[in-house]
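Notes follow the structure.
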Amino acid sequence: ASTAQGSSALRARSARTKLCKLLDLSRYLAVAMKLTIAAVSLSVVGASTAQEGSTANPIRRVVNMLQNMQKKVEKEGEEQEEMFENFQCYCTKNNEKLQKSIEDSKVHIDDLKTAMGADGEMKKQLAAELKQHKEERSSANEAVETAEAIRAKENKAFEDESADLKQNLQAMGAAIAAIEKGTGQAFLQSTWVTTLQHVAADLVGDNQKELEAFLQQGVAGAGSDEIVGILKTMVDEMSARLSEIEGNEKESVANHGALVSAKKQEIAAAQIAIEEKTARHGELAVKIATDENDLKATTRALGEDEEYLKQLGETCDKQTKEYAEIKKTRAEELEAIAETIKILNSDDALELFKKALPSPALLQVSAGSRELRQRAAAVLRGVRGINVDLVLLSMQGKKEGFDEVLKMIDNMVKELHVEMDDDVKKKEYCGEQIDKIEDKLKDVSRQIEGLEADIEAHKETIEKTTGQVKDLGVQIKDLDKAVAEATEQRKQEHEAYVSEAAQNQAALELLEFAKNRMNKFYAPEQYKEPPAEELSEEERIEQAYSFVQVAAHHGEAPPPPPAMGTHKKQDGGNGVLSLLNNIMSDLKLEMNEDKLAEEDAQQDYEKLSADATEKRAALSDSLAENESALADAKGELLDLEGDKTSAVKDQGAAHETEMRLHAECDWLLENFQTRKEARESEIESLEKAKAILNGADFSLIQTRSFLQASR
């Protein structure tokens, strides 16, 4: 719109310049034509005087000249009429275009303000939501860290209490076995005594005294059965406690897992929301910056349209009035020429001229001042503005008429001098203005170069920041992929550990069973009777019935077996037991190492997960900062491009001004000397006419010189 307005303004100024030039040219041609007629008439008079016997009719020449003037004025009128019609069309069309452009700009400005208000509120809302999401993510991370610390503390307490309970149970089991076998003194030499002493310290009353007496002497004061009963009661209580804390631990692990899982879901949801709303926040920032630049440009264009519409109205009204005056003046001139032709071409006039001018000899020069004045009056007859009465008075030789004519000639000379001074001033003005506009063009060019450099720098920044945003996005994706792979790997490792631990535990129990079976034969004192299997009612009846049948069948005692001697136990039994013990020890060691490795792997995974979460948050923050910087750079780039567009428009306007100045001034600068010489020649001609009217004999002198040259 701004470019179109500038172009329209240039066309309007060009049209006004053309009209002004035509008006000046019309006035100049009118005066020049009159002066030319006067000069030609003088030359005709001189030539007629010199060439005696010439048959040329001077009235016919005057009529021909008037007819040529009439044609020229009519042609100029047609050209000016066509130009004015084009100018009127230009005014109408540009007025309509400007009105529409102004209305469109106002509507667009209202739309932009509404959109910017809504976008600004949305941007504030997104900023508040981003802040809330970041706080939620931080709170969730803190909750996870707190839960991990509490879980570690609870697990440590469980492990400590579980180890104590298991150790106490083992010690009490060993004591019960020793008491039941009657090897209490041997038990006092074992390491379990210290454990039972700590257990006894927690008892009260007689139970404490009995257990302490047993631990000191190896015998029970109240009897072995009572000590065994005390220990079994404690075994039951501790076993129940162990089951309770194991159940609590399992429940705590499940609750902790559920809490951590829920919090991680909250963190992931908050992270997704942060990334999504950060992108939307950046897009809104770019849109708001674009709308602000658009609003500035539209507001500036609206002001320019309104100002130009005002100038267009004033210019069109002024030119319409000026053209009406031009038409009126031209009509008066054509009317004067037509009436003069009519007067000179009438039958009465022709008859009169035949009588008054019987032959061309009447135009010969005689040495009288009266004839010179009459000739001067005839020469100046064609000059528009001289009153006919003055001409008649001059032909009659009345002095008062010449005073007015002489005064008019003086005014014309004065006007020519003024025009010469105006040309000089115009020449100086043109030189000064052209220098100024050239300097302005240089300044604008330098400004555009600087803006282009800034634009290029911002483009490089945008390209670099875009690459960083892309790299950060790739890093986040790679990090998420690595965490997912680590999670899957940890899951597989844990499943493998659980499976292997179950297999190792089953193997250990099988070895324990085999060892116990070997102990039954090779080390009965270490043999542990398996718990009696409780039979069903049917199995008990069947077993009793079988026993009765056997008893009935064997009514008599069987004969004694033949003497086979005693059986000697194999020496390798102890070696097998030792080997079983070694295998079991190695298996327990391996199971313990596997457990420690599993715990280390879990801790490493949790640390990796925490580090990844922290790193992802840092990458996301960096991504948000880069996206914000990218949006700012894009907004600044739009501002710079807008400034460049304005500078280019200023440059175009300066070029148009330069073209207008050249269009206005080049003709004057190129023709200054010619116009000056023409005016000096005109002044000289007027001075000669004035001298003729004052009684000088320049024409006579020129005529005599011409006649002498002819002879």
Computed over the range 590-705, the ratio Rg/Rh where both radii use C-alpha atoms and Rh is Kirkwood: 1.92
Inter-label distance for Asp236 and Glu314, nm, one decimal - labels placed 7 Å from Cα along Cα-to-Cβ: 11.6
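Counting Lys and Arg as +1 and Asp and Glu as -1, what is the net charge of the other residues whose Cβ lies under 9 Å from the Cβ of Cys430? Don't skip to the answer; put the middle values down first.
Details: positive: Lys426, Lys427; negative: Glu428, Glu432, Glu664, Asp666.
Once all neighbours under 9 Å are counted, the net charge is -2.
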Per-bin percent of Cα-Cα distances, the range 630-683 [5 Å]: 6, 15, 12, 10, 10, 9, 7, 7, 6, 5, 4, 3, 3, 2, 1
Point-to-point label distance, Ala336-Ser190, nm (Cα→Cβ direction, 7 Å offset): 15.1
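Express in nm, to one decimal, how much length is gained between Glu161 and Ser138 on full extension, taking 0.36 nm for each residue of separation and deducting their alpha carbon distance. Could you put the intermediate results ahead of the total?
Values: separation 23, 0.36 × 23 = 8.28 nm, distance 3.46 nm.
Taking 0.36 nm per residue and subtracting the Cα distance, the gain is 4.8 nm.
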At q = 0.13, 0.14, 0.15, 0.21 Å⁻¹, base-10 log of I(q)/I(0) for the range 392-512 (Debye sum, equal scatterers on each alpha carbon): -0.90, -0.93, -0.96, -1.13
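At 1.306 mPa s and 10 °C, plugging the Kirkwood radius over alpha-carbon pairs of the range 98-245 into Stokes-Einstein gives what diffusion coefficient in µm²/s? Could you put the intermediate results ahead of the total?
Details: Rh = 21.3 Å.
Here the translational diffusion coefficient equals 74 µm²/s.
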Estimated FRET transfer efficiency when R0 is 30 angstrom, pair Gln125-Glu625 (beta carbons, to 0.05): 0.90
Cα-based Kirkwood hydrodynamic radius, the range 59-134, one decimal, Å: 18.6
Under 13 Å, Cβ to Cβ, from Glu159 - net charge with Lys/Arg +1 and Asp/Glu -1: -2
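Count charges around Lys342 for me, please; just the other residues with Cβ under 14 Å from its Cβ, Lys/Arg as +1, Asp/Glu as -1.
On the way: positive: none; negative: Glu335, Glu339, Asp347, Asp348.
Local net charge: -4.
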Descending semi-axes in whole angstrom, ellipsoid equivalent of the range 222-306, from the Cα gyration tensor: 80, 7, 5
Kirkwood-based Rg to Rh ratio, the range 91-142, C-alpha trace: 1.54
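Rounded to two decimals, what is the ratio between the C-alpha radius of gyration of the range 292-334 and 2.2 N^0.38 Å? If you can, show how the numbers build up before the last one.
Values: Rg = 18.4 Å, N = 43, 2.2 N^0.38 = 9.2 Å.
In units of the globular-protein estimate, the range 292-334 measures up at 2.00.
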Alpha carbon Rg of the range 429-479, scaled by the compact-globule rule 2.2 N^0.38 Å: 2.23
Nearest-0.05 FRET efficiency for Lys436 and Glu460, computed from C-beta distance (R0 41 Å): 0.65
Sites Glu677 and Asn68 - FRET efficiency at Förster radius 30 Å, r taken between beta-carbons, to 0.05: 0.75
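Every number here is computed from the coordinates shown, using simple stated rules; none is lab data. On a predicted model such as this, the values are computed, not experimentally measured, just so you know. With ideal geometry, Cβ positions are generated from the backbone for all residues, glycine too; neighbour counts draw on all protein chains shown.
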